[in-house]
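Asks: The following block contains the structure, expressed as structure tokens.
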Amino acid sequence: MNEQSVILKHLETDYSEPIRDPLWRHIYLSAGFKKLVDHPLFQKLGGIKQLGPTYLVYPGATHTRLNHSLGVFYLAKKMIHTLLLSNRIEEISLVGIKSFLAAALLHDLGHFPFAHSLKELPLKTHETLTAEVILSSSIKKIIKMEIGADPEITSSIINSKLPVPRWEVLFFRNLLSGVLDPDKLDYLNRDAYFCGVPYGLQDIDFILSRIVFHENKGIALQIQGLPAVENILFSKYLMYRNVYWHRTVRVATAMIKKAVFMGIRSEIIKSEELYGLDDQEFFSSFSKKLKSLQSLVEDVLLRRLYKTVYEKTFSGEDPFHTGIVDLEKRLIAENRIAEFLSSQLNFPVPGESVIIDIPEPISFEIDLPIQGDEEVLPFIRSGSVFNPSVVKSFVDSLRKVRIMVKPQIAGEISRHKELLPGIERSFQN
């Protein structure tokens with residue numbers, strides 16, 4: 001029996017431990033992967049909400065990183081099984097397949113609490129933290145001894161900055177992070193399901209039926225499946241517009257981010273203290289430490305949110321907009337606005353009462369080969385309406401520069417419209 005036949009037999013017969021999932025119904029694990037799921041470090045993901053403060057807008061959005069990680073494992077296994085049934089893939093080993101599935105399951109092991117609230121802060125990436133946890137904890141032994149995988153390969157698939165010990169690592173990296181990756185296919189479907197919106201739903205079985213092996217990119221898509229990719233791209237746009245970057249979600253995210261940034265900056269918090277926390281641990285550990293900034297964190301919990309008083313589309317051509325992407329420069333601008341408001345109102349406005357929010361850059365990946373009738377085409381030549389200029393317009397329409405202030409300050413501004421020009425001048429000077 002050749003290696004590919006051994007792999008297919010493993011995928012089809014060795015996964016018999018069911019976990020019931022509301023989205024994918026049953027997710028089957030092997031005995032080794034069941035031990036990985038039972039590990040305390042994996043179970044801790046059950047205390048981290050997948051969408052952070054999004055539940056303030058969509059009350060059903062309380063699903064966790066644990067739910068999502070199981071879904072990514074399910075789709076990764078389904079994807080590799082589909083590929084191997086219809087393609088001869090040389091140099092793929094059973095150890096590599098198991099290591100890839102472990103990477104799919106554990107890819108968020110080092111994720112921070114509250115979704116991407118802490119993403120722009122001076123912290124290690126969650127991929128780096130995940131790889132470190134895998135290689136420094138008892139998870140490493142489970143991967144090696146119970147699953148028969150290679151923890152070094154698993155870590156290298158997750159953290160692209162690590163060395164590539166063998167060719168198949170590049171292949172698995174492309175599978176786990178790309179246009180049609182199992183991470184994206186799960187979170188779009190799962191987030192839409194729990195938020196109660198229709199935007200993220202994908203026809204998974206049809207998508208997987210149209211993927212083929214590609215030596216450089218991992219997978220290509222038969223041209224008949226092109227509408228499925230277009231649906232993913234538009235779904236991602238709609239989910240960002242209506243869910244991920246909903247104005248209220250941005251306000252809550254910005255409040256948490258500012259509190260932690262100020263805590264790190266003033267050395268009340270050490271960066272390493274933020275690693276390995278779930279949502280509850282984050283609030284209980286730092287709400288008291290943040291002292292004068294404590295109310296920012298507590299107000300999010302109690303839904304006493306700041307109000308938006310200024311909004312403008314982010315412009316990459318505006319040197320001020322690009323300048324305040326830097327958190328230190330943003331803080332200077334926030335303090336200038338606070339000083340202006342203090343001079344105009346009958347009460348002092350502290351710097352933490354003003355927040356400028358700029359969403360981080362996002363990408364709509366379209367670097368996917370399309371298998372036509374006679375040749376493999378780059379996506380931009382596939383006939384899709386999602387050309388680079390359309391994708392750029394998506395990104396440009398989503399990113400908004402916003403100024404947010406405490407509700408009582410927002411009330412004063414709404415009563416004194418003449419303050420707005422002064423706010424904009426102090427914001428841009």
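Asks: Can you name every residue in region 1-51 that is in a helix (DSSP H, G or I) and hydrophobic (A, V, I, L, M, F, W, C)?
Replies: Result: Val6, Ile7, Leu8, Leu11, Ala31, Phe33, Leu36, Val37, Leu41, Phe42, Leu45.
Asks: Could you please tell me which pairs satisfy a Cβ distance under 8 Å, a separation of 6+ or placement on different chains, a first residue in region 362-377 that is under 15 Å from Val212 (Cα atoms) and at pLDDT 80 or above, and a second residue that is of a type in the set (Gly, Ala, Ser) and crowded, with 19+ Cβ neighbours inside 10 Å?
Replies: Final answer for the pair search is Leu368/Ala220; Pro369/Ala220; Ile370/Ala220; Ile370/Ser382; Gln371/Ala220; Gly372/Ser382; Val376/Ala220.
Asks: Looking at the structure I just gave you, is Ser160 under 29 Å from Asp38 (Cβ atoms), touching a His at 6+ places or on another chain (Cβ under 9 Å), touching a residue at least 12 places away in the same chain (Cβ under 8 Å) and surrounded by fewer than 23 Cβ atoms within 10 Å (Cβ to Cβ)? I'd like the intermediate steps shown before the answer.
Replies: Details: under 29 Å from Asp38 (Cβ atoms): yes; touching a His at 6+ places or on another chain (Cβ under 9 Å): no; touching a residue at least 12 places away in the same chain (Cβ under 8 Å): yes; surrounded by fewer than 23 Cβ atoms within 10 Å (Cβ to Cβ): yes.
The answer is no for Ser160.
Asks: Of the residues His63, His26, His39, which is out of contact with any Phe, Trp or Tyr (no Cβ under 6 Å at 6 or more places or on another chain), touching a residue at least 12 places away in the same chain (Cβ under 8 Å) and not polar (S, T, N, Q)?
Replies: So the residue among His63, His26, His39 that is out of contact with any Phe, Trp or Tyr (no Cβ under 6 Å at 6 or more places or on another chain), touching a residue at least 12 places away in the same chain (Cβ under 8 Å) and not polar (S, T, N, Q) is His39.
Asks: Additional query: Go through Glu360, Glu374, Glu365 for me and flag whichever is over 32 Å from the mean Cα position of the chain (by Cα), of a type in the set (D, E, K, R) and either surrounded by fewer than 12 Cβ atoms within 10 Å (Cβ to Cβ) or assigned to a loop (DSSP other than H, G, I, E, B) (or both).
Replies: Result of the check over Glu360, Glu374, Glu365: Glu374.
Asks: Which numbered condition trips up Leu277, out of (1) more than 19 Å from the chain's Cα centre (by Cα); (2) not in a helix (DSSP H, G or I)?
Replies: So the condition that Leu277 fails would be (1).
Asks: While we're here: Given the conditions (1) touching a helix residue (DSSP H, G or I) at 6+ places or on another chain (Cβ under 6 Å); (2) assigned to a helix (DSSP H, G or I); (3) exposed (fewer than 15 other Cβ atoms within 10 Å of the Cβ); (4) modelled with pLDDT of 85 or more, and given that Pro348 satisfies all but one, which numbered condition is not satisfied?
Replies: Looking at each condition in turn, Pro348 falls short on (2).
Asks: Within region 178-213, take every residue that is in contact (Cβ under 8 Å) with a residue 60 or more places away in the chain and in a loop (DSSP other than H, G, I, E, B) and give me the one that is surrounded by the most Cβ atoms within 10 Å (Cβ to Cβ).
Replies: Leu180
Asks: Does Val325 count as β-branched (Val, Ile, Thr), in a loop (DSSP other than H, G, I, E, B), surrounded by fewer than 17 Cβ atoms within 10 Å (Cβ to Cβ) and free of Cβ contacts under 8 Å to residues at least 60 places away in the same chain? Steps first, please.
Replies: Working: β-branched (Val, Ile, Thr): yes; in a loop (DSSP other than H, G, I, E, B): yes; surrounded by fewer than 17 Cβ atoms within 10 Å (Cβ to Cβ): yes; free of Cβ contacts under 8 Å to residues at least 60 places away in the same chain: yes.
In short, yes.
The values are calculated or read from the model by the stated rules, or taken from the named source; none is laboratory data. Note that this is a predicted model, so its numbers are computed, not measured. Heads up, the Cβs are rebuilt from the backbone with ideal geometry, glycines too, and the neighbour counts pull from every protein chain shown.
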